[in-house]
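Okay, structure first, notes after.
The values are calculated or read from the model by the stated rules, or taken from the named source; none is laboratory data. Please read these numbers as outputs of a predicted model, since none were measured by experiment. All Cβ positions, glycine included, derive from the backbone under ideal geometry; neighbour counts span all protein chains shown.
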Amino acid sequence: MKGFGDIQSVYRAKLELLEMMDSSAVAILNGDDPKLMLMAGAFKPRIITFGLSKGCDYRATKITYRNRERKFLLNDLYPLKLKILGRHNIYNALAAIAVANQLGVGYDLIKEALVNFSLSSGRMEMKELGDVRIIDDSYNSNLLSLNSAIDTLAGLAPSARKILVSGDMLELGPAAGAAHYHMGRKVAEKGIDILITVGSLAGQMCRAAHRYGMKKQEIFECGSHAEAGKCLLDLIRAG
(Lines give C-alpha, C1' and ligand atoms only; values in the text may rest on other atoms or scores of the structure.)
Protein backbone atom coordinates (compact mmCIF):
# COMPACT_ATOMS: atom_id res chain seq x y z
CA MET A 1 0.00 0.00 0.00
CA LYS A 2 3.03 2.24 -0.20
CA GLY A 3 2.04 5.40 -2.04
CA PHE A 4 -1.65 4.93 -1.21
CA GLY A 5 -1.61 5.30 2.57
CA ASP A 6 -4.42 2.91 3.43
CA ILE A 7 -6.67 0.23 1.95
CA GLN A 8 -9.45 2.75 1.28
CA SER A 9 -7.13 4.63 -1.07
CA VAL A 10 -6.34 1.38 -2.87
CA TYR A 11 -10.06 0.83 -3.45
CA ARG A 12 -10.45 4.33 -4.83
CA ALA A 13 -7.52 3.85 -7.20
CA LYS A 14 -8.96 0.59 -8.53
CA LEU A 15 -12.38 2.13 -8.98
CA GLU A 16 -10.89 4.75 -11.28
CA LEU A 17 -11.07 2.00 -13.90
CA LEU A 18 -14.85 1.86 -13.49
CA GLU A 19 -15.10 5.62 -13.85
CA MET A 20 -13.77 5.28 -17.40
CA MET A 21 -16.39 2.67 -18.39
CA ASP A 22 -19.80 3.47 -19.84
CA SER A 23 -23.08 1.57 -19.54
CA SER A 24 -22.22 -0.74 -22.45
CA ALA A 25 -19.18 -2.10 -20.60
CA VAL A 26 -18.99 -5.08 -18.25
CA ALA A 27 -17.10 -5.08 -14.94
CA ILE A 28 -16.34 -8.45 -13.32
CA LEU A 29 -15.91 -8.06 -9.56
CA ASN A 30 -15.51 -10.10 -6.39
CA GLY A 31 -19.06 -10.36 -5.06
CA ASP A 32 -17.79 -11.48 -1.65
CA ASP A 33 -16.15 -8.10 -1.03
CA PRO A 34 -18.95 -5.97 0.49
CA LYS A 35 -16.93 -2.75 0.44
CA LEU A 36 -16.08 -3.18 -3.23
CA MET A 37 -19.68 -3.97 -4.15
CA LEU A 38 -20.98 -0.95 -2.25
CA MET A 39 -18.55 1.39 -3.98
CA ALA A 40 -19.03 -0.17 -7.43
CA GLY A 41 -22.77 0.42 -7.35
CA ALA A 42 -22.25 4.10 -8.11
CA PHE A 43 -20.74 3.45 -11.54
CA LYS A 44 -22.21 2.84 -15.00
CA PRO A 45 -20.96 -0.54 -16.28
CA ARG A 46 -22.96 -3.73 -15.90
CA ILE A 47 -21.61 -5.60 -12.88
CA ILE A 48 -21.01 -9.35 -13.02
CA THR A 49 -19.91 -11.00 -9.79
CA PHE A 50 -17.96 -14.08 -8.75
CA GLY A 51 -17.46 -15.61 -5.31
CA LEU A 52 -18.66 -18.20 -2.83
CA SER A 53 -21.75 -16.47 -1.49
CA LYS A 54 -25.32 -16.72 -2.72
CA GLY A 55 -26.21 -14.17 -5.34
CA CYS A 56 -22.88 -14.26 -7.17
CA ASP A 57 -23.25 -14.77 -10.92
CA TYR A 58 -20.34 -17.22 -10.95
CA ARG A 59 -20.34 -19.14 -7.69
CA ALA A 60 -18.28 -22.07 -6.40
CA THR A 61 -20.05 -24.58 -4.16
CA LYS A 62 -19.25 -27.99 -2.65
CA ILE A 63 -15.52 -27.24 -2.54
CA THR A 64 -13.33 -30.21 -1.60
CA TYR A 65 -9.58 -30.68 -1.30
CA ARG A 66 -7.89 -34.03 -1.71
CA ASN A 67 -4.55 -35.21 -3.07
CA ARG A 68 -3.55 -31.64 -4.01
CA GLU A 69 -6.70 -31.17 -6.07
CA ARG A 70 -9.52 -28.74 -5.41
CA LYS A 71 -12.89 -29.71 -6.81
CA PHE A 72 -15.99 -27.56 -6.86
CA LEU A 73 -19.28 -27.04 -8.63
CA LEU A 74 -19.83 -23.95 -10.72
CA ASN A 75 -23.29 -22.57 -9.91
CA ASP A 76 -24.24 -25.96 -8.40
CA LEU A 77 -24.20 -27.51 -11.88
CA TYR A 78 -20.81 -27.89 -13.51
CA PRO A 79 -17.99 -29.91 -11.86
CA LEU A 80 -14.54 -28.34 -12.14
CA LYS A 81 -11.09 -29.25 -10.85
CA LEU A 82 -7.89 -27.34 -10.07
CA LYS A 83 -4.53 -28.98 -9.45
CA ILE A 84 -3.13 -26.06 -7.45
CA LEU A 85 -3.05 -25.18 -3.77
CA GLY A 86 -4.87 -22.35 -2.04
CA ARG A 87 -8.53 -21.65 -1.47
CA HIS A 88 -7.90 -18.15 -2.85
CA ASN A 89 -7.20 -19.74 -6.22
CA ILE A 90 -10.87 -20.71 -6.37
CA TYR A 91 -11.56 -16.97 -6.58
CA ASN A 92 -8.92 -16.56 -9.28
CA ALA A 93 -10.48 -19.42 -11.23
CA LEU A 94 -13.97 -17.94 -10.90
CA ALA A 95 -12.77 -14.57 -12.20
CA ALA A 96 -11.14 -16.28 -15.18
CA ILE A 97 -14.30 -18.34 -15.82
CA ALA A 98 -16.44 -15.21 -15.79
CA VAL A 99 -14.18 -13.43 -18.29
CA ALA A 100 -13.96 -16.48 -20.55
CA ASN A 101 -17.70 -17.05 -20.49
CA GLN A 102 -18.42 -13.42 -21.32
CA LEU A 103 -16.14 -13.83 -24.34
CA GLY A 104 -18.08 -16.86 -25.51
CA VAL A 105 -15.83 -19.67 -24.28
CA GLY A 106 -17.83 -22.81 -23.48
CA TYR A 107 -17.79 -25.02 -20.39
CA ASP A 108 -15.76 -27.87 -21.92
CA LEU A 109 -12.86 -25.60 -22.88
CA ILE A 110 -12.98 -23.87 -19.50
CA LYS A 111 -12.91 -27.24 -17.71
CA GLU A 112 -9.91 -28.42 -19.75
CA ALA A 113 -8.00 -25.17 -19.23
CA LEU A 114 -8.48 -25.24 -15.46
CA VAL A 115 -7.45 -28.86 -14.94
CA ASN A 116 -4.27 -28.28 -16.98
CA PHE A 117 -3.39 -24.96 -15.35
CA SER A 118 -0.21 -24.67 -13.27
CA LEU A 119 1.22 -21.76 -11.31
CA SER A 120 4.58 -20.17 -12.01
CA SER A 121 7.55 -20.98 -9.79
CA GLY A 122 7.36 -19.61 -6.26
CA ARG A 123 3.57 -19.36 -6.18
CA MET A 124 2.01 -22.03 -3.94
CA GLU A 125 4.44 -24.55 -5.40
CA MET A 126 4.44 -27.90 -3.61
CA LYS A 127 7.82 -29.64 -3.39
CA GLU A 128 8.72 -32.91 -1.68
CA LEU A 129 12.07 -33.76 -0.10
CA GLY A 130 11.64 -37.32 1.08
CA ASP A 131 8.90 -37.25 3.69
CA VAL A 132 9.06 -33.45 4.03
CA ARG A 133 6.67 -31.31 2.02
CA ILE A 134 7.52 -27.68 1.25
CA ILE A 135 5.11 -25.05 -0.05
CA ASP A 136 7.13 -22.41 -1.87
CA ASP A 137 5.13 -19.17 -1.98
CA SER A 138 8.19 -16.93 -2.04
CA TYR A 139 7.55 -15.04 -5.29
CA ASN A 140 6.13 -12.07 -3.42
CA SER A 141 4.36 -11.32 -0.17
CA ASN A 142 1.50 -9.05 0.76
CA LEU A 143 -1.40 -9.19 3.18
CA LEU A 144 -3.65 -11.27 0.96
CA SER A 145 -0.98 -13.73 -0.16
CA LEU A 146 0.39 -14.30 3.36
CA ASN A 147 -3.11 -14.65 4.75
CA SER A 148 -3.88 -17.28 2.10
CA ALA A 149 -0.55 -19.03 2.70
CA ILE A 150 -1.31 -19.38 6.42
CA ASP A 151 -4.78 -20.73 5.66
CA THR A 152 -3.37 -23.21 3.15
CA LEU A 153 -0.65 -24.44 5.51
CA ALA A 154 -3.09 -24.77 8.40
CA GLY A 155 -5.55 -26.69 6.23
CA LEU A 156 -3.13 -29.45 5.22
CA ALA A 157 -3.00 -32.86 6.93
CA PRO A 158 -4.14 -32.20 10.53
CA SER A 159 -1.49 -34.48 12.05
CA ALA A 160 1.41 -32.91 10.12
CA ARG A 161 3.89 -30.61 11.86
CA LYS A 162 3.67 -27.18 10.26
CA ILE A 163 6.48 -24.60 10.02
CA LEU A 164 5.95 -21.12 8.58
CA VAL A 165 8.94 -19.11 7.36
CA SER A 166 8.19 -15.45 6.61
CA GLY A 167 10.13 -12.34 5.71
CA ASP A 168 8.95 -8.73 5.69
CA MET A 169 5.91 -7.71 3.66
CA LEU A 170 7.06 -4.54 1.93
CA GLU A 171 5.22 -1.49 0.58
CA LEU A 172 2.48 -1.54 3.21
CA GLY A 173 3.06 2.06 4.23
CA PRO A 174 2.15 3.25 7.75
CA ALA A 175 0.09 0.11 8.38
CA ALA A 176 3.10 -2.21 8.05
CA GLY A 177 3.67 -2.85 11.76
CA ALA A 178 0.02 -3.53 12.52
CA ALA A 179 -0.33 -5.74 9.45
CA HIS A 180 2.58 -7.97 10.49
CA TYR A 181 1.26 -8.12 14.06
CA HIS A 182 -2.14 -9.23 12.75
CA MET A 183 -0.52 -11.99 10.69
CA GLY A 184 1.42 -13.18 13.74
CA ARG A 185 -1.82 -13.45 15.69
CA LYS A 186 -3.31 -15.49 12.87
CA VAL A 187 -0.32 -17.85 12.86
CA ALA A 188 -0.96 -18.61 16.53
CA GLU A 189 -4.72 -18.91 16.18
CA LYS A 190 -4.42 -21.26 13.19
CA GLY A 191 -2.28 -23.68 15.17
CA ILE A 192 0.99 -23.39 13.22
CA ASP A 193 3.65 -25.32 15.16
CA ILE A 194 6.78 -23.27 14.41
CA LEU A 195 7.25 -19.67 13.23
CA ILE A 196 10.55 -18.48 11.73
CA THR A 197 10.90 -14.85 10.61
CA VAL A 198 13.51 -12.67 8.93
CA GLY A 199 13.38 -8.87 9.10
CA SER A 200 12.38 -6.18 11.55
CA LEU A 201 8.77 -5.98 10.38
CA ALA A 202 8.31 -9.74 10.44
CA GLY A 203 9.56 -9.61 14.02
CA GLN A 204 6.15 -8.14 14.89
CA MET A 205 4.70 -11.49 13.87
CA CYS A 206 6.83 -13.17 16.52
CA ARG A 207 5.61 -10.86 19.26
CA ALA A 208 1.97 -11.32 18.27
CA ALA A 209 2.31 -15.09 17.95
CA HIS A 210 3.71 -15.29 21.48
CA ARG A 211 1.05 -12.92 22.79
CA TYR A 212 -1.69 -15.14 21.35
CA GLY A 213 -0.49 -18.49 22.55
CA MET A 214 2.67 -19.78 20.88
CA LYS A 215 5.51 -20.73 23.21
CA LYS A 216 8.87 -18.96 23.01
CA GLN A 217 10.57 -22.20 21.95
CA GLU A 218 8.23 -22.35 18.94
CA ILE A 219 9.21 -18.88 17.67
CA PHE A 220 12.50 -17.95 15.98
CA GLU A 221 13.27 -14.34 15.04
CA CYS A 222 16.30 -14.40 12.72
CA GLY A 223 18.58 -11.60 11.61
CA SER A 224 19.42 -12.96 8.17
CA HIS A 225 18.29 -15.42 5.53
CA ALA A 226 21.29 -17.61 6.32
CA GLU A 227 20.35 -17.75 9.99
CA ALA A 228 16.75 -18.60 9.11
CA GLY A 229 17.92 -21.34 6.75
CA LYS A 230 20.11 -22.92 9.42
CA CYS A 231 17.27 -22.67 11.92
CA LEU A 232 14.91 -24.41 9.51
CA LEU A 233 17.41 -27.20 8.80
CA ASP A 234 17.79 -27.79 12.53
CA LEU A 235 14.02 -28.02 13.01
CA ILE A 236 12.83 -29.80 9.91
CA ARG A 237 11.96 -33.48 10.05
CA ALA A 238 9.57 -35.94 8.49
CA GLY A 239 5.92 -35.43 9.41
Tell me, which residue of region 118-132 that is part of a strand (DSSP E or B) and not hydrophobic (A, V, I, L, M, F, W, C) is nearest to L85 (Cα to Cα)?
E125
Go through G184, G177 for me and flag whichever is at pLDDT 90 or above, surrounded by fewer than 17 Cβ atoms within 10 Å (Cβ to Cβ) and closer than 27 Å to A226 by Cα.
G177
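Can you tell me how many residues in region 108-151 are β-branched (V, I, T) and under 23 Å from L233 (Cβ atoms)?
4
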Residues that are out of contact with any Leu (no Cβ under 8 Å at 6 or more places or on another chain) and modelled with pLDDT of 95 or more, drawn from region 64-76:
N75, D76
Kindly indicate whether D108 is outside the structural domain of Y58 (by TED's automatic domain parsing) and among the charged types (D, E, K, R).
no
Please indicate, with yes or no, whether at least one residue in region 139-159 is more than 15 Å from the chain's Cα centre (by Cα), farther than 21 Å from D32 by Cα and in contact (Cβ under 8 Å) with a residue 60 or more places away in the chain.
yes
Scan region 154-174 and tell me whether some residue there is modelled with pLDDT of 95 or more and assigned to a helix (DSSP H, G or I).
no
If we keep just the residues of region 187-214 that are more than 21 Å from I135 (Cβ to Cβ) and of a type in the set (S, T, Y), which is modelled with the highest pLDDT?
Y212
Would you call K186 assigned to a helix (DSSP H, G or I) and touching a Leu at 6+ places or on another chain (Cβ under 7 Å)?
no
Is one or more of the residues making up region 155-162 surrounded by 15 or more Cβ atoms within 10 Å (Cβ to Cβ) and on the phi > 0 side of the Ramachandran plot?
no
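Quick grid of which residues meet (1) of a type outside the set (A, V, I, L, M, F, W, C); (2) out of contact with any Phe, Trp or Tyr (no Cβ under 8 Å at 6 or more places or on another chain):
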{"site": "I134", "(1), (2)": "no, yes"}
{"site": "D137", "(1), (2)": "yes, yes"}
{"site": "N140", "(1), (2)": "yes, yes"}
{"site": "A157", "(1), (2)": "no, yes"}
{"site": "K162", "(1), (2)": "yes, yes"}
{"site": "V165", "(1), (2)": "no, yes"}
{"site": "L170", "(1), (2)": "no, yes"}
{"site": "D193", "(1), (2)": "yes, yes"}
{"site": "R207", "(1), (2)": "yes, no"}
Of the listed residues (G55, G104, G51, G31), the one being surrounded by fewer than 16 Cβ atoms within 10 Å (Cβ to Cβ) and touching a Gly at 6+ places or on another chain (Cβ under 7 Å) is G55
